[in-house]
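In what follows, a single structure is set out as structure tokens and then discussed.
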Amino acid sequence: MEKMNYPTLSVIIPAYNEERTIAEIIYRVRAVEIEKEIIVVNDGSKDKTADILEGLKDQDLKIITLPGNSGKGGAIREGFKHAKNEVVIIQDADLEYDPQDYYDLMVPFIKDEADVVYGSRFITAKYRRIHFYWHYVANQLLTTLCNMMCNLNLSDMETCYKAFRREHIQSIKLYEKRFGIEPEMTIKLAKKGLRFYEAGISYHGRSYEEGKKISLKDAFRAVYCIVKYGLFSS
């Protein structure tokens, strides 16, 4: 990997019942040769996630344990509060997203061209798992609606990989508890007039049998959030 002056990272990992993958994703994040802190928010897991995390504890790993399940949005919000480094990035606890893509996501920050960088699964030459056609359709509809509300031309608003300069993501008040936080963050940051970039990423989507959690009701909630934060909320 070419030596570059990467910004320091705060990696936020919301985790709910991820005993099968939590150790591996932390291993993969640690393998990225960028100075970082890893903040795992154990979101009321009922399996062995907490025990596995204790066994992985080190100076680079901060574990925040929530008393009950607050949803992905609630866990992300809690993680943001504890971030201390220059750039904050969200990392799912499963293995759908590859931390080796951090290098590409950081380039617009290194060049001081971006305040926000999203990892797109759709404008990329990298490989990705193909399935869930209706998820793709819903994603494109939600992305389009979100773009209309905030005058952006994102290709993948629902991506996990969202990276922000810390001062910007900590400057907005977030409320959504589940996946509605995706459009909420996007719209509120866009309203600040920040510079958005995208970078292509790989994707290894998992099935519901493998632990995927997003559902149809989350799509309807996302529509509600786009309208709410796009038209009626600052």
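The values are calculated or read from the model by the stated rules, or taken from the named source; none is laboratory data. These figures come from a predicted structure and were not determined experimentally. Don't worry about glycine lacking a Cβ; one is built from the backbone with ideal geometry, like all the others, and counts go over all protein chains shown. Protein only, heavy atoms only, side chains kept; ligands, DNA and RNA dropped before computing areas. Shrake-Rupley method; radii C 1.70, N 1.55, O 1.52, S 1.80 Å.
Enter the accessible area of residue 4 (Å², nearest 10), with the probe set to 1.4 Å and all protein chains included.
70
Can you give the accessible area of residue 113 in Å² (nearest 10), computed on protein heavy atoms with a 1.4 Å probe?
Its accessible surface works out to 80 Å², give or take rounding.
Hey, got the Cα dimensions of segment 21-67 along the principal axes, in Å, largest first?
On the principal axes, segment 21-67 reaches 32, 17, 14 Å in Cα extent.
At 1.4 Å probe size, put 165, 221 in order of accessible surface, largest to smallest. Display every interim value, and only then the final one.
On the way: 165 45, 221 100 Å².
Descending order: 221, 165.
Using the Cα centre of segment 1-124 as origin and beta-carbon charges of +1 (Lys, Arg) and -1 (Asp, Glu), tell me which of 89, 34, 70 is placed farthest towards the positive end of the dipole.
The residue sitting farthest along the positive end of the dipole is 70.
Report, in listed order, any pair from 111/177; 72/192; 72/228; 36/126 with a Cα-Cα distance greater than 27 Å. Kindly include the intermediate steps, with their values, before the conclusion.
Working: 111/177 33 Å; 72/192 24 Å; 72/228 19 Å; 36/126 25 Å.
Violating the 27 Å limit, Cα to Cα: 111/177.
Give the relative contact order (percent, whole number) for the chain; include only Cα pairs under 8 Å separated by 6+ residues. Each step should come with its number before you reach the end.
Details: 433 pairs, mean separation 54.2, N = 234.
Relative contact order comes out at 23 percent.
Whenever you get a sec, line up 112, 92 from highest to lowest accessible area (probe 1.4 Å, protein heavy atoms).
Most to least solvent-accessible, the answer reads 112, 92.
Taking the Cα centre of segment 1-83 as origin, sum charge times position over the Cβ atoms of Lys and Arg (+1) and Asp and Glu (-1), and report the length of that vector in debye to the nearest 20.
Details: 12 positive and 14 negative charges, 43 e Å.
In total the dipole reaches around 200 debye.
Quick one: dipole size for the chain, taken about the Cα centre, charges +1 on Lys/Arg Cβ and -1 on Asp/Glu Cβ, in debye to the nearest 20. Could you put the intermediate results ahead of the total?
Values: 34 positive and 34 negative charges, 156 e Å.
Computed charge dipole of the chain: roughly 740 debye.
Keeping all protein chains in place and using 1.4 angstrom, which order do 196, 80 fall into by accessible surface area, from largest down?
On the way: 196 40, 80 10 Å².
Final ranking, largest accessible area leading: 196, 80.
Any chance you could look up the accessible area of residue 36 with a 1.4 Å probe, heavy atoms only, rounded to 10 Å²?
For residue 36, solvent-accessible area is about 40 Å².
Among 216, 154, 145, which one moves the most in a GNM of the chain with springs linking Cα atoms closer than 10 Å?
216
Hey, can you find the accessible area per residue of segment 62-129 for me, probe 1.4 Å, expressed in square angstrom?
Working: 2710 Å² over 68 residues.
Roughly 40 Å² per residue, with all protein chains present.
Using 0.36 nm times the number of residues separating residue 215 and residue 232, minus their current alpha carbon distance, what extension gain do you get? Before the final figure, lay out each step's value.
Numbers: separation 17, 0.36 × 17 = 6.12 nm, distance 2.53 nm.
The span from residue 215 to residue 232 would gain 3.6 nm if fully extended.
Picking from 52, 119, 134, whose Cα lies most toward the positive end of the charge dipole for the chain (charges on Cβ: Lys, Arg +1; Asp, Glu -1)?
134
Using a Cα-Cα cut-off of under 20 Å, which aspartates and glutamates could be cross-linked to residue 84, ignoring same-chain neighbours fewer than 8 residues away?
33, 35, 37, 58, 60, 92, 112, 115, 167
At 7 Å along Cα-to-Cβ for each site, give me the label-to-label distance between residue 167 and residue 35 in nm.
1.8
What is the calculated FRET efficiency for residue 63 to residue 148, with r their C-beta to C-beta distance and R₀ = 30 Å, to the nearest 0.05? Before the final figure, lay out the partial values.
On the way: r = 39 Å, r/R0 = 1.32.
It comes out at approximately 0.15.
For segment 1-109, with all protein chains present and a 1.4 Å probe, just round the carbon and sulfur fraction of the accessible area to a whole percent. All intermediate terms of the calculation are to be shown ahead of the outcome.
Values: 2210 of 4830 Å².
The C+S portion of the solvent-accessible surface of segment 1-109 is 46 percent.
Per 5 Å bin from zero, what fraction in whole % of the C-alpha pairs of segment 107-234 is there, up to the bin with the longest pair?
2, 10, 20, 24, 21, 14, 7, 2, 0
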